[in-house]
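In what follows, a structure is listed as C-alpha cells, so that the remarks can point back to it.
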Amino acid sequence: MFVRCDYSTPHNRYLSDVWLEQAARRQGGGYTLSPVCQSGECGAEYYGVRPDATDIVVTKHRYDAFHGTDLDLILRSNGVRTVVLTGVSTHVCVETTARTAFVRDYYTVVVADGCAAYSAQEHEASLKVIDRFFAEVAVLDAIRPHWPAATI
C-alpha cells in the first residue's frame, strides 16, 4: 500500500488558515510561496519506488495518513492488524501516522533505515519517541525474513 501526499493546490483547497499561518510563520512560506507535494510536480513524485496497478494508493492532505482518508477502513476490511511504516519525514509524517496507528490499536513498526528526516538529529530523536511510546523500531534486515522474497 502506498500513501501519497497532496498538500498544495493552485487555490490551496486542502490547506486551512491554521495550516497556512503555521507555514508562513515556521516554514519560510512553504505551501504558499512555493508548493509542497503538489500533484504533478516533482516534489509529489515517488522516489525510488512506485506503485503498480494492483497496489492500493491512499492520498492524504495532512501529515497523518489516517486523517481524512480511507486508510483505517482499508486496513480493517483486509484484516490487517500490523502496520509497517517507511517514508519521510520521520519526525513529521511518519511519527504522526505511527501515533495514530497505535491509538487505533494497530501493532506498529517503523523501519528506521526506511525513513529519513531533515537532519540525523531529528530522525534519531523521533525514533526514540516512537520506540518508547508508539511502535517497534526495527531495521529492514530484521523485517525482511517475515515477508516472502517476492514482496520486498
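A cut-off under 11 angstrom between Cβ atoms defines the neighbours of Ala138, and their net charge, with Lys, Arg +1 and Asp, Glu -1, is -3. Amide H to amide H, with H built 1.01 Å from N, Val110 comes under 5 Å of Leu85, Glu136, Val137, Ala138, counting only residues 5 or more places away or on other chains. Please give the net charge around Leu71, taking every other residue with its beta carbon less than 11 angstrom from that of Leu71, where Lys and Arg add +1 and Asp and Glu add -1. Once all neighbours under 11 Å are counted, the net charge is 0. Taken one residue at a time, the phi angles of the stretch 125-136 give Karplus couplings (6.51, -1.76, 1.60, θ = phi - 60°) of 4, 5, 4, 5, 5, 4, 5, 6, 10, 10, 7, 7 Hz. Gly and Pro are set to x. For Val3, the amide hydrogen comes within under 5 Å of the amide hydrogens of Val58, counting only partners 5 or more places away or on other chains and with H modelled in the peptide plane.
If every alpha-carbon in the stretch 63-152 counts as one equal scatterer, what log10 I(q)/I(0) does Debye give at q = 0.11, 0.15, 0.19, 0.23 1/Å? One equal scatterer on each Cα of the stretch 63-152 leads to -0.29, -0.55, -0.86, -1.18.
Tally Lys and Arg at +1 and Asp and Glu at -1 over the other residues with C-beta under 14 Å from the C-beta of Tyr106: what net charge comes out? Spell out each step's value before the answer.
Details: positive: Arg76, Arg81, Arg99, Arg104; negative: Asp64, Asp72, Asp105, Glu136.
Counting the neighbours of Tyr106, the net charge comes to 0.
The charge dipole of the stretch 102-152, taken about the Cα centre with unit charges on the Cβ atoms of Lys, Arg (+1) and Asp, Glu (-1), comes to about 100 debye, rounded to the nearest 20.
Read-outs throughout are calculated quantities, based only on the coordinates presented, and are distinct from any laboratory measurement. No experiment lies behind these values; they were computed from the predicted model shown. Because the Cβ atoms are built from the backbone with ideal geometry, glycine has one as well, and the counts that use them run over all protein chains shown.
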